[in-house]
Structures are given as structure tokens and as C-alpha cells.
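The values are calculated or read from the model by the stated rules, or taken from the named source; none is laboratory data. Here the structure is a predicted model, which means the values were calculated and not measured. Note that we place each Cβ from the backbone using ideal geometry, even for glycine, and neighbour counts take in every protein chain shown. Areas reflect the complete protein model, heavy atoms only, side chains present, ligands, DNA and RNA absent. Shrake-Rupley method; radii C 1.70, N 1.55, O 1.52, S 1.80 Å.
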Amino acid sequence: MKLVVVLMLSALALSCYAGSGCQRLEDMINNTIDPSVTENQYIESLEEFIPGDTTKQLLREFKQCFLDQSNRTLSNIKVMMDAIFDSRQCASY
């Protein structure tokens with residue numbers, strides 16, 4: 001899970017350049033965090049961005065990492081995401 005968090009945080013630095021005004025990005029993040037979204041629903045929502053079966057399988061494993069977390073942990077991730085998007089560094093984008 002630590003690796004997933006590190007990868008997510010490194011991706012967030014890039015997503016900041018897109019600004020939190022990017023609805024597709026926000027939807028993807030919310031679907032990743034939301035425990036009511038199944039792996040299949042998650043894959044379907046990202047289908048146009050998935051180049052092959054290997055990526056699809058890796059995204060399933062990525063989503064499963066979040067499904068394995070407690071609701072409290074997922075809530076804390078949501079708070080972290082809000083703090084990043086509301087940060088001074090992202091505010092200018």
C-alpha cells in the first residue's frame with residue numbers, strides 16, 4: 001500500500017498542472033477512492049484510456065488496493081486530495 005500511496009502522490013504533482021478544474025481527473029480520483037465503485041465499473045469508466053490488457057489488470061489491482069482499505073482511511077485520502085487541490089501551489093492553476 002505504501003508504494004500505491006507514493007505513486008498516487010507523485011501523480012498528483014502532475015495532476016496539479018491540470019488543475020482541479022479538470023472534471024475527468026476529479027471523477028477518476030473519486031472513483032478510485034469510492035468503495036461503492038467496483039473494479040469492473042472502475043475499468044469501464046477508464047476504458048478509453050486503457051491501451052491493453054496489462055494496463056487493465058494493473059488498474060484492477062490498483063483499485064483493489066483501495067477496496068481493501070477501511071472507510072476511515074479512504075476518508076483520510078479524500079481529505080488529503082482536497083488539501084492538495086486547495087493548496088497554494090495548485091491555486092494558481
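Okay, here's what the table says:
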item: Among (1) within 16 Å of Asp27 (Cβ to Cβ); (2) open to solvent by less than 60 Å² (accessible area, probe 1.4 Å); (3) out of contact with any helix residue (DSSP H, G or I) (no Cβ under 9 Å at 6 or more places or on another chain), the one test that Ile77 misses; result: (3)
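Here is a yes/no grid of residues against (1) among the hydrophobic types (A, V, I, L, M, F, W, C); (2) over 22 Å from Ser87 (Cα atoms); (3) at pLDDT below 95; (4) loosely packed, with under 12 Cβ neighbours inside 10 Å:
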site	(1), (2), (3), (4)
Leu3	yes, yes, yes, yes
Ala13	yes, no, yes, yes
Ala18	yes, no, yes, no
Glu26	no, no, yes, no
Glu47	no, yes, yes, yes
